[in-house]
Amino acid sequence: MKMGVDYYPEHWEQTMWEQDAKLMRETGVSLVRVAEFAWSRLEPEEGGYDFSWLDEAIDVFDRQGIKVVIGTPTCTPPNWLVNRFSDVIPVDAVLHPRYPGIRGHRCYNSPSMRLFSERIVEKLAMHYSNHPAVISWQIDNEFSLNECHCESCNQQFRRWLSDKYGSLDAINEAWGTVVWSGEYSSWDQITTPLGGTAYKNPSYLLDYKRFETDSVVEFQQLQGNILRQYCPGHFVTHNIWSYPMSLDYYKLCKRLDFASLDYYPNTSPEKAVSSGYSGALTLDLTRGIKRSPFWIMETISGPPGCWFPMWRTPQPGFIRAYAWQCIARGADTLVHFRWRSAPFGAEQFWHGLIDHSNVPGRRFEEYRMLCDEVNRLSPVLAGSEVLGEAAVLHSHDLYNAFAIQPQAEGMDYFDNLKLYHRALTKSGILTDVVNTTDDLDRYRLIIAPSLYLLDENLADKLKNCVKNGAILILTNRTGVKNLNNVCWIHPLPGQLAEAAGVTVTEYDPVGNDVHTIRMTDGKTHTCSQWCDILEPAGAETIAWYENDFFAGKPAVTVHAWGEGKVYYIGTVAEESFYLDLFGKAADEAGLTRFTGLPEGVQISIRRKGTARYLFVLNLTRKKQTVKLGGAYLSLLREESVGPAIDLDPYAVEIVKLVEDDVFCIK
């Protein structure tokens, strides 16, 4: 495990480099990321490369024993490039060019952008392939979908469609273009979605989103191929941005060595608790991208702010606690953004570990403590991994499909994913978040939120899991469409109706109207967004609607099928419902569960051989107490702790368990 910082030598006088590197080493920093925004310094004019300043900076770090990640600078095309080659600039849906602002001003399909990107990356790769300090490359920075509509994108979109469908007849059939006289009779009639209107064929729009992801993947792979050729011993990664994101990160990261994440938990007092749960989902999603440990390439060092008002400054312990949250959920390296606050540019007030005063203060000392802890525990935790026992399914296609056609007022795919994951986290259920295409055989509890796009392959995979003893939880809007975003002509939940033992006879998109469901034990919960009116076909009803014209009708069912069970939830209920249901389902599945966690306290386990390392984190501004089922060895304090642990605001505890420990927070 390594502790690192983002550092921009081109921003500072050269006399500061040695001082900074020496202080980094003394603080416990062993890694820096450099150069991802430095194209204009690396190539001041076309074909005129100058790496001398970066050579000197990397040599400074090398002398201090600090390793280097170089970011390819393709996120920031220099002015000479965009002025000379207009095709570099992306074009919006009404064909207006989007001129340089901060960064990211490039079309991924631009021939000029691709050519000059390959050239600068090749020069860098050749130059630094044998430097002993350089160990890794970050391709570009925080890819997103530019939604470009230039001529290059139009040509590439037609090529992409031709490769996928083979003919115009196949496209017309797959998209159902007969509606509104939208059938294509020649390839040049197909363009990217021009005009900016939402009233377009949803199948076409979803394919355009997929094309955009593939364009980014192609642009990334041009660079990745060069780096693999010249630097075969180096790691290659990319720093994704926090969820939600319509770019398909599973495709983007497939050929990378590991995923990296830029993670900025919110410091606002009103989000002091919710930010920790949202962050847990983002971290679990990132770990699930490649089903393996990941890096944090940027994280909070002070109050962010620039083109928006500054956030509150991190409270004492905040930086340390959220760093340990990252490690607890699978991060193997932490890089904080940034070493020192920038005196100029758009991110002047996106604060670093050292403020503009250039005097290390409270936050820096907290970071120094964190470095000491991580470096001390690295030999113990290195090689350990996080393995969830429950799985939440996630899909960028589903996110995009719901964004293209919102189903009800207030109904949001990712917000509901947060709701389900938060309930699992609060219930102390160890959870993985994985792609719908992943193997699920090892999970005994699978939550599958709104499988709006459903094909036989996914349905069969889930049914096999249930037949073999898993508990599957389905929710409303399952089985609505095929993967082309075309509605199935059959009762919902479609291919999963038999396993669920229920069909949807009617539905009501209730939106923000609040309804009530009643459980078999008489307990009630509020619900909103959507109400599926269910007809059991072998399933047992466990909740009924209390009001509206469907009062008394089933809202939630459970069906024993094969060796397992399928729950079907026809609405979106308040959190307390999921706390009860997920806890019950986890117990039925025989999962490890840590009951009685205080609000805002999270747990996670990293495993290494027969040893287990339990992380207990208080991600709140108030003191909390948890009770362990015995006494354990604290890795941080090197002393016995328990059966009760008092956790100060943003306190962290890590205890070592052994395989036969029976552990429970009560």
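Nothing in this text is a laboratory measurement; each read-out follows from the coordinates by a stated rule. The shown structure was predicted, so the numbers you read here are calculated from the model rather than taken from an experiment. Ideal geometry is used to build each Cβ from the backbone, glycine not excepted, and the neighbour counts take in all protein chains shown.
Data table
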{"quantity": "Additional length obtainable on full extension of the chain from Asn512 to Leu483, 0.36 nm per residue less Cα span", "calculated": "7.6 nm"}
{"quantity": "Sites Gln221 and Asp521 - FRET efficiency at Förster radius 51 Å, r taken between beta-carbons, to 0.05", "calculated": "0.40"}
{"quantity": "Whole-number Å³ per residue for the convex hull built on Cα positions in the range 29-86", "calculated": "66 Å³"}
{"quantity": "Around Ala390: net Lys/Arg minus Asp/Glu count, Cβ-Cβ under 10 Å", "calculated": "0"}
{"quantity": "Distance between modelled label sites at Arg312 and Glu10, nm, 7 Å Cα→Cβ extension", "calculated": "3.7 nm"}
{"quantity": "Separation in nanometres of the label points that stand 7 Å from Cα toward Cβ, at Ala560 and Ala93", "calculated": "5.2 nm"}
{"quantity": "The range 601-658: C-alpha pair distances exceeding 16 Å, %", "calculated": "40 percent"}
{"quantity": "(1) 26; (2) 19; (3) 23, with the label sought being that of the calculated percent of Cα pairs over 44 Å apart", "calculated": "(1)"}
{"quantity": "Protection proxy ranking, peptides 185-196, 162-173, 318-329, 602-613, average beta carbon neighbours within 10 Å, highest first", "calculated": "318-329, 602-613, 162-173, 185-196"}
{"quantity": "Summed residue charge, Cβ within 13 Å of Gln221's Cβ, Lys/Arg positive, Asp/Glu negative", "calculated": "+1"}
{"quantity": "Taking Trp530, Trp488 and counting other C-beta atoms within 10 Å, the order from fewest to most", "calculated": "Trp488, Trp530"}
{"quantity": "For Ser181, Ser384, Ser640, order by how many other beta-carbon atoms lie within 10 Å, fewest first", "calculated": "Ser181, Ser640, Ser384"}
{"quantity": "Geometric extent, Cα atoms of the range 390-589 - Rg, Dmax (angstrom)", "calculated": "15.2, 42"}
{"quantity": "For Glu118, Glu298, Glu347, order by how many other beta-carbon atoms lie within 10 Å, fewest first", "calculated": "Glu118, Glu347, Glu298"}
{"quantity": "Projected label distance in nm at Lys467 and Ser357, using a 7 Å step from Cα toward the beta-carbon", "calculated": "6.7 nm"}
{"quantity": "Links that overshoot a 24 Å alpha carbon limit, given the list Lys418/Lys608; Lys271/Lys523; Lys209/Lys251; Lys251/Lys608; Lys290/Lys608", "calculated": "Lys418/Lys608; Lys271/Lys523; Lys251/Lys608"}
{"quantity": "Rounded Å value of the spacing that divides the Cα centres of the range 567-584 and the range 4-69", "calculated": "51 Å"}
